[in-house]
Structures are given as structure tokens and as C-alpha cells.
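Engineer: Questions regarding the structure given below will be posed in turn.
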Amino acid sequence: YYSSPLLLCYLYRKGKIQIQHNITTNLFVKVYYTCTKHFYFSSCFHFLRPEPKHRGAADSVLNSVRTLPCHILSYLIVHSFGRRMLYPGSVGLLQKAMRPMLQQGQARLVEEYDGQRNKLVACDGNEIDTMFVDRRKDGGRAGKTLVICCEGNAGFYEVGCMNTPLEGGYSVLGWNHPGFGGSTGVPFPQNEANAMDVVIQFAVHKLGFQLSDIIVYAWSIGGFTASWAAMSYPEIRALVLDASFDDLLPLALKVMPESWRPLVTHTVRQYMNLNNAEQLCKYQGPVLLIRRTKDEIITTTGPENIMSNRGNDLLLKLLQYRYPKVMTEDALRAVRQWLAAGTQIEEGENLKSSAVTSITMATVSGRRQLALFLARKYMRNFDTTHCTPLPISEFRPPWKLEH
């Protein structure tokens, strides 16, 4: 019993035992001991609320019986292949194949950037593997700002998007989704939110950053935890979303048979409701959206149809929520034309910041110009595919409206 390989693997992941290697380097010792630092946080945000039930309805019992098969199927789908399709990085086989690459990436962060690895224990008991690079001691202005990075559905901090702000001289805090790399658990939405929460608490209470010094930067599906952080901590300085989407449901329907539409809708809304746009609209701070013009992942038809990119919907929903008096039908039509043109329209008429003072909302033309100005400020185009690493030239603090 005590020599069970499953038990040994479990104890090793929990840090209860240490496996001695024949070849032990200073790098291994450093990574091991920094990994034993734990930060505990107990408060949970229960942000996922079930739909209100109408009590007293005569057919409530019959309706429950009628929908029971759908509930059972949804549960089986999401706990079998559904979750793994959405978060392939949590699949053990993929992690095993990527292990040499992840070890090299972790070694580079520790050796070249003096990275500090920590395990954070979220309120649900999951251990979240993190890497912190402190640039405050370098004396640069960017180093005083902390960029918290949220990876994609097959991304790991070892080889992920945290390399972009590192090139810019920022202090950076990367973390792995529950079930990814050294993190435990399963990447369901509530677990994702709990992980994001303990990361922010760690940044504030242990690393000593103010919320106003934190930029949250996300790539792809990481936009869910990033928008949740912005909604829950509105004091953060800014939010940067790269190649992200407004809602998971349209993308899920794209890859599933049309006959499954009711089941897919119920499953997503019940178990994987990644409602980025809804959360983003609850944040009033600076936002930058980066749209990949050849994105093949978050389009509902294909990369050749740029209007099917769900980043467009994320921008439109944000502008309509923040500027309802500006975003009239004519203004919406103008913004959609700009989105459809991609990068070409930016080479044409350019509405500069100084010109906004001469725009009046009393005319249709004025509202259209103002809407285009706002669209250009909130979204930047990057002419590439979904998985191309973002160069530091494309990463910048979002535009802020001065009052």
C-alpha cells in the first residue's frame, strides 16, 4: 500500500515528499525551495448565481422531470470531454509532452530574470503555481507597475504571454490555471475565479503592490479571469485583452452539431458560462482590446471573415454600455464598417485626439466621428493569427479618458 505509485505521485504533487535526483544542480535546489513558499487566502467570491426559480408554478415538477435528461447529459459532457476540449492544457498527456519545454521555460525565468516561484492556496484548496519577476529594484518606471498575466486554454506561464511584458521591463506575475502545470484542481469557472482572486491578494498583501499599480493582461480564454478581476477589483490601473471574446456560447455552437444546440446552450450556461463582456462592462477603468485580424480560433466562420471575430462583439458591447448616447444606429453602423475593413481603414481618415474637441454630438456626423474615435482608442488591430506571440511594440497601457 505504502509503495503505491499513485500515492507517491499524489504526495509528491502536494509537496509532502522530495525525490532525490542523481544529478542535482543549483537550479533544481533553488526552484524546489522557492516552490515551498505558500500563501493562504480563505475568502471566496461566489459570483456564479443560478437562475432564479419561479416557485408555485403548477408545472414546476413536470418541468423538472422533463429537463432531467438534459441536466444529466450536460453534467456528463462537461465532466468528460467538454472541459478537456475547452481547456486542453489540463490534459495530462499534453502536459507530459510539453514537460521538457515547460522545465526549460521555468529555468529561464529563474536564471535570467531571478524569478520567484510560489504556490498560492486558494479558498477552494487548489494550489496555484505562480512565477514573480520583480523589476522594482531596477529603477525603471515600468518596473513599478505589476502586470498580472492570464494565459490561454493551453498556455502556461513558463512559455506563455508573460514574456511580452517582461521584454518591456515591467514587474510580472504569471500563474497557471487550476490543473495546469504545478497547479492543482480543475479549471471550472468558479475555480478560475478563486485562483485569480488569490493571485491578486498575493500581489497586494505579500508583494506590496497597490491595486492602482496593477495591469491585468490576458490572452484568449484568459480574458474570463482578467475581466472577472477587473469587475471584482475596479481599482486596478488597466485591463489589456488580447485575442479574447465576448461570450463562449457562439464559439461552442460553432464546433458542435446544429442538432445539439439546446444541449450545448444549457451546458455552457450551467457549467462553463464564460461571460467576458458582461463582466467587462462592470469595470469602468482603461481597457485595450487587441484583435488578431487573421484569428482562426475566436471566429465563428473562419479567419477570412473578420466580422465573425468575437472580439468585435466584445468592443461593441463595451462601447454601447459606456457610451449609450454616442452609440446610435448610425454610429454602430460606422463602427461595424471600420471593423469590417480591418487595418485598411486606419490608413484612411484618421481622427486624431485633438480633433475630438471640435466634434459635436448634436449631429449624426459628429456622433459617427466620436464613435470611430472611441473604437480606435479601445481596440488595436494586430495583423496575425491567434497563437502568434504578442511583440512588446503592440503592448501598451490603454487610453484613459481625462475628465
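The values are calculated or read from the model by the stated rules, or taken from the named source; none is laboratory data. Every value quoted in this text rests on a predicted model; they were computed, and no experiment measured them. As a convention, Cβ positions derive from the backbone with ideal geometry for all residues, glycine included, and neighbour counts pool all protein chains shown.
Engineer: Of everything in segment 358-399 that's among the aromatic types (F, W, Y) and either more than 22 Å from F245 (Cα to Cα) or not in a helix (DSSP H, G or I) (or both), which residue is modelled with the lowest pLDDT?
Structural biologist: Taking segment 358-399 first, the residues among the aromatic types (F, W, Y) are 373, 378, 382, 395, 399.
After this cut, where a residue has to be either more than 22 Å from F245 (Cα to Cα) or not in a helix (DSSP H, G or I) (or both) as well, the list is 382, 395, 399.
Working: F382: 96, F395: 96, W399: 91.
Residue satisfying both the conditions and the ranking: W399.
Engineer: Just to check your reading of the model, which residue among V268, V287 is free of Cβ contacts under 8 Å to residues at least 24 places away in the same chain, among the aliphatic types (A, V, I, L, M) and surrounded by 16 or more Cβ atoms within 10 Å (Cβ to Cβ)?
Structural biologist: One residue alone meets the criteria, V268.
Engineer: Just to confirm my filter: which strands (runs of 3 or more DSSP E) fall fully inside segment 78-172 and include at least 2 residues that are in contact (Cβ under 8 Å) with a residue 40 or more places away in the chain and under 24 Å from V287 (Cβ atoms)?
Structural biologist: Output list reads 146-150.
Engineer: For segment 100-121, state whether one or more residues are hydroxyl-bearing (S, T, Y) and touching a helix residue (DSSP H, G or I) at 6+ places or on another chain (Cβ under 6 Å).
Structural biologist: Scanning segment 100-121 turns up no residue that is hydroxyl-bearing (S, T, Y) and touching a helix residue (DSSP H, G or I) at 6+ places or on another chain (Cβ under 6 Å).
Engineer: Further question: Considering segment 377-403 alone, what residues qualify as being surrounded by fewer than 18 Cβ atoms within 10 Å (Cβ to Cβ) and under 14 Å from I215 (Cβ atoms)?
Structural biologist: Once the filter is applied, which keeps residues that are surrounded by fewer than 18 Cβ atoms within 10 Å (Cβ to Cβ) and under 14 Å from I215 (Cβ atoms), segment 377-403 yields I392, R396, P397, W399, K400.
Engineer: When you look at M196, is it of a type in the set (A, V, I, L, M, F, W, C) and modelled with pLDDT under 95, yes or no? If you could, list the steps in order and put the result at the bottom.
Structural biologist: On the way: of a type in the set (A, V, I, L, M, F, W, C): yes; modelled with pLDDT under 95: no.
In short, no.
Engineer: Within segment 326-357, can you find the residues that are outside any helix (DSSP H, G or I), modelled with pLDDT under 50 and not charged (D, E, K, R)?
Structural biologist: Matches in segment 326-357: G348, N350, L351.
Engineer: Which one of G115, G56, G125 is modelled with pLDDT of 95 or more and loosely packed, with under 12 Cβ neighbours inside 10 Å?
Structural biologist: G125
Engineer: Out of L146, L102, I need the residue that is within 19 Å of L211 (Cβ to Cβ), assigned by TED's automatic domain parsing to the domain that holds G185 and not acidic (D, E). Which one?
Structural biologist: Unique residue meeting the criteria: L146.
Engineer: Another question, then. Touching a residue at least 40 places away in the same chain (Cβ under 8 Å), among the small types (G, A, S) and touching a His at 6+ places or on another chain (Cβ under 8 Å), is that true of A243?
Structural biologist: When the stated conditions are applied, A243 passes them.
Engineer: Which residue, of G179, G155, is assigned by TED's automatic domain parsing to the domain that holds R83 and either β-branched (V, I, T) or out of contact with any strand residue (DSSP E or B) (no Cβ under 9 Å at 6 or more places or on another chain) (or both)?
Structural biologist: G179
Engineer: In the list V65, V91, which residue meets the criterion of being surrounded by fewer than 17 Cβ atoms within 10 Å (Cβ to Cβ), aliphatic (A, V, I, L, M), in contact with a helix residue (DSSP H, G or I) (Cβ under 6 Å, 6 or more places away or on another chain) and closer than 30 Å to P250 by Cα?
Structural biologist: Only one candidate qualifies: V91.
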